[in-house]
1. Testing Phe88 on (1) modelled with pLDDT of 95 or more; (2) of a type in the set (Phe, Trp, Tyr); (3) surrounded by fewer than 19 Cβ atoms within 10 Å (Cβ to Cβ), one condition comes back false. Which one is that?
2. Could you please give the count of residues in region 109-131 that are under 30 Å from Ala18 (Cα atoms) and either polar (S, T, N, Q) or open to solvent by less than 30 Å² (accessible area, probe 1.4 Å) (or both)?
3. Is it true that some residue in region 97-108 is within 22 Å of the chain's Cα centre (by Cα), at positive phi and surrounded by fewer than 18 Cβ atoms within 10 Å (Cβ to Cβ)?
4. If the Cβ limit is 6 Å and pairs must be 6+ apart or interchain, which residue in region 75-89 that is within 17 Å of Leu21 (Cβ to Cβ) pairs with which residue that is within 16 Å of the ligand (Cβ to nearest atom) and open to solvent by less than 10 Å² (accessible area, probe 1.4 Å)?
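The values are calculated or read from the model by the stated rules, or taken from the named source; none is laboratory data. Computed from a prediction, not measured in an experiment: that's the story for all the values here. In this analysis, Cβ positions are derived from the backbone assuming ideal geometry, glycine residues included, and neighbour counts consider all displayed protein chains. Side chains are part of the model used for accessible areas, which takes the heavy atoms of the whole protein and leaves out ligands, DNA and RNA. Shrake-Rupley method; radii C 1.70, N 1.55, O 1.52, S 1.80 Å.
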Amino acid sequence: MEFARHLSEHPATAERRAEILKDPGFGNYFTDHTVVIDWTEGVGWHDARVEPYGPIALDPAASVLHYGQEIFEGLKAFRHADGSVQTFRAEKNAERLNASARRLALPELPVESFVEAVKLLVQVDEAWVPEGDGEALYLRPFMIATEAFLGVRPSREVSFRVIASPAGNYFGGELHAVPIWLSEHFSRAGHGGTGEAKCGGNYAASLAAQLEAQDHGCAQVLFLDPTDDFAVEELGGMNVFFVLEGNRLVTPRLNGNILHGVTRASVLQIAADLGLSVEERKFTIDEWREAVAEGTLREVFACGTAAVITPVSELRSEQGTMTFPGTGADAVWARIREQLLGVQTGAVADTHGWLTKLV
Ligand SMILES: *Cc1c(COP(=O)(O)O)cnc(C)c1O
């Protein structure tokens, strides 16, 4: 794909950028450019370009604004010690975007075009890739329905975009274990719904539960499947893992409602490499409670691109609080995290070929 280049005439000054990169937080600041590729039914993908970052002109009738035909991705670019910038399993994100596109009746984008778009943005905005420990440039590809039409059918005009945001530690400051809230009144997904698509609508549906969580001192919510023995599904934006006695790592199987996390898949591989026995299966809230009562539950942790791996200290609910061991730095989650971050940042050999050099 040929990309036109319209570079910004007023990028952030080096001083401003340095100030931002000192403490970027997560999702607060955006780089100087964006990559755009438009799609029109009957024409296909066209007008691939880099342009200055800025507001999008959209018709007020654009279908994304009314019917939520939108999907997105999240991946990171890491600065390595040799000065190169590398991204982690970008093809997986491209393939997942296409799986989400099929579910939301949006057009698929060739995997190579996705990777090219990401690469181009990182090359143009390379100065924004942070160099601090655990920091990265977070990349947010997304696709929206832009056709001005209020009838209900898939949009005939679509736009794919990539924006980038320098990212520090997701939860801010030191890595510490977090309490999570058990959602008992809300589900984020149902069978046959959009649970395994990465679409904005799933997040909109999770926010009321997140507010409930905040009222109980938690930043994250755990969802169950009330139609399947209250099997554990995932958090609002992270997959969940359990370490049981005997070096067993358990995570809910992909049941159609759960996001196919790239971090989840990588954790499963690393755990197998480390000699853990790995189980993808149904794990109910009752089994969880029993494991805590019997003392066979060793650790609970959550994972996703933004926060990598985060230990979970407690599950709070209207019935009370369950507290978990294994939040210390000698735990299984910490070993997996060290390997995963190590590969991403170049400190550990990339034996699975997970990195792609962007710069
Ligand atoms: C993006 C996302 C995840 C994590 O996926 P990664 O590919 O590991 O970043 C987990 N759950 C939900 C609902 C998500 O949207």
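1. (3)
2. 12
3. Yes, that holds for at least one residue.
4. Partner pairs satisfying both residue conditions: Lys76/Ala136; Ala77/Thr87; Ala77/Leu137; Phe78/Ala136; Val85/Ala77.
Yes or no, residue by residue, for (1) in contact (Cβ under 8 Å) with a residue 60 or more places away in the chain; (2) touching a strand residue (DSSP E or B) at 6+ places or on another chain (Cβ under 7 Å); (3) of a type in the set (Lys, Arg):
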residue	(1), (2), (3)
Gly68	yes, no, no
Glu73	yes, yes, no
Glu95	no, no, no
Arg102	no, no, yes
Pro107	yes, yes, no
Val118	yes, yes, no
Val124	yes, yes, no
Trp128	yes, yes, no
